[in-house]
Amino acid sequence: DGGITQSPKYLFRKEGQNVTLSCEQNLNHDAMYWYRQDPGQGLRLIYYSQIVNDFQKGDIAEGYSVSREKKESFPLTVTSAQKNPTAFYLCASSTRTSGGAHEQFFGPGTRLTVL
Amino acid sequence: EDKVVQSPLSLVVHEGDTVTLNCSYEVTNFRSLLWYKQEKKAPTFLFMLTSSGIEKKSGRLSSILDKKELFSILNITATQTGDSAIYLCARTGAQKLVFGQGTRLTINP
């Protein structure tokens, strides 16, 4: 089955701890994205990557870091510098063309709660 | 900053009603506008609109784009409780999508 997986589904973290959220896709997509969703709000872009070993900051990158060492994987680390990390995190992927962004396919999300 | 604005933010109707969700944007030079439905977790793709004035249909859902007036609408006829969800629209950027804040639609039996 082709798709995007995220783990874990639920994550609890103490204040001051870093935590890494996993995102894996087997759709052979070049581009991958991380979004944050707060209650009653739309999706805000954290980081995105168009190709392996390259990534760009989105609109709310502060307090987050990413890596893209493999095409299939785009892990997101929520650092202790992120002031309000409790949120629902969604990973997405898409094909990449020179013409611009395309339809994105989403994973099931990780709900992070900071205690 | 280029914005995508959806309205209403929240809508509650009775089963069988018809609803119209709105999405407006500011930038003129973009390729496509997309609609997603988010029930509990992952948003699922509904429509991609590229050309102005051409309606896309899927069952009871339809959508149209007006590139001159910079908006899109999503219509749902004969609503069912299973249509309850957050509906997100997004416009394409150079390398990313720019999302609106979503409309939370609740269908009461």
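Every read-out reported here was derived from the displayed coordinates using simple, explicitly stated rules and does not represent laboratory data. Computed from a prediction, not measured in an experiment: that's the story for all the values here. Cβ sites come from the backbone with ideal geometry, for glycine too, and all protein chains shown count toward neighbours.
Extension gain for B:Ser7 to B:Arg60 (0.36 nm times residue separation, less C-alpha to C-alpha distance): 17.1 nm.
Using the alpha carbons of the protein assembly as shown, what is the convex hull volume per residue in cubic angstrom, as a whole number? Intermediate results must be reported in sequence, preceding the final value.
Numbers: hull volume 28.4 nm³, N = 224.
Each residue corresponds to 127 Å³ of Cα convex hull volume.
Pairs of Cα atoms in the stretch A:63-115 fall into 10 Å distance bins, from 0 up to the last occupied one, in shares of 19, 43, 30, 7, 0 percent. Take the Cα of B:Glu39, step 7 Å toward its Cβ, do the same at B:Ser51, and the gap between the two points is 3.2 nm. Close amide H partners of B:Asp17, meaning residues 5 or more places away or on another chain with modelled amide H under 5 Å apart, are B:Thr79. Under a model in which nothing but the beta-carbon of Lys, Arg (+1) and Asp, Glu (-1) is charged, the stretch B:43-87 shows a dipole of about 100 debye around its Cα centre.
Using the crude model of +1 on Lys and Arg Cβ and -1 on Asp and Glu Cβ, and no other charge, please compute the dipole size for chain B relative to its Cα centre, in debye to 20.
On the way: 13 positive and 10 negative charges, 70 e Å.
Dipole of chain B, to the nearest 20 debye: 340 debye.
Peptide A:45-57 is shielded by partner chain Cβ atoms: per residue, an average of 1 of them sit within 10 Å of its Cβ. Averaged over peptide B:41-52, the number of partner chain Cβ atoms lying within 10 Å of each residue's Cβ comes to 3.
Couplings 3J(HN,Hα) for the stretch B:66-78, derived from phi with the Karplus relation 6.51 cos²θ - 1.76 cosθ + 1.60 (θ = phi - 60°), are 10, 6, 6, 8, 6, 8, 9, 10, 10, 9, 10, 9, 6 Hz, where x marks Gly and Pro. Simple spin-label estimate for A:Arg13 and A:Leu115 gives 1.5 nm between the two label positions (7 Å along the Cα-to-Cβ direction from each Cα). Each residue, B:Glu15 and B:Thr106, gets one label point 7 Å from its Cα in the Cβ direction; the gap between the two is 1.7 nm. The value obtained for chain B, namely the Cα convex hull volume divided by the number of residues, is 94 Å³ per residue.
Counting Cα-Cα pairs of the stretch A:1-51 in 10 Å increments starting at 0 gives whole-percent bin shares of 18, 46, 31, 5.
Here A:Thr20, A:Thr110 are placed in order of increasing Cβ neighbour count within 10 Å, fewest first, which gives A:Thr20, A:Thr110. Considering only B:Ala42, B:Ala85, B:Ile107, whose Cα is most displaced toward the positive end of the charge dipole of chain B, charges sitting on Cβ of Lys, Arg (+1) and Asp, Glu (-1)? Toward the positive end, the furthest listed residue is B:Ala42. Solvent-free Debye calculation, one equal scatterer per alpha-carbon of the stretch A:3-115: log10 I(q)/I(0) at 0.14 Å⁻¹ equals -0.51. About its Cα centre, chain A has a charge dipole of approximately 300 debye under the convention of +1 per Lys or Arg Cβ and -1 per Asp or Glu Cβ, with nothing else charged.
Beta-bridge orientation, the protein assembly as shown: approximately 90 percent antiparallel, per DSSP, counting only bridges with both partners inside.
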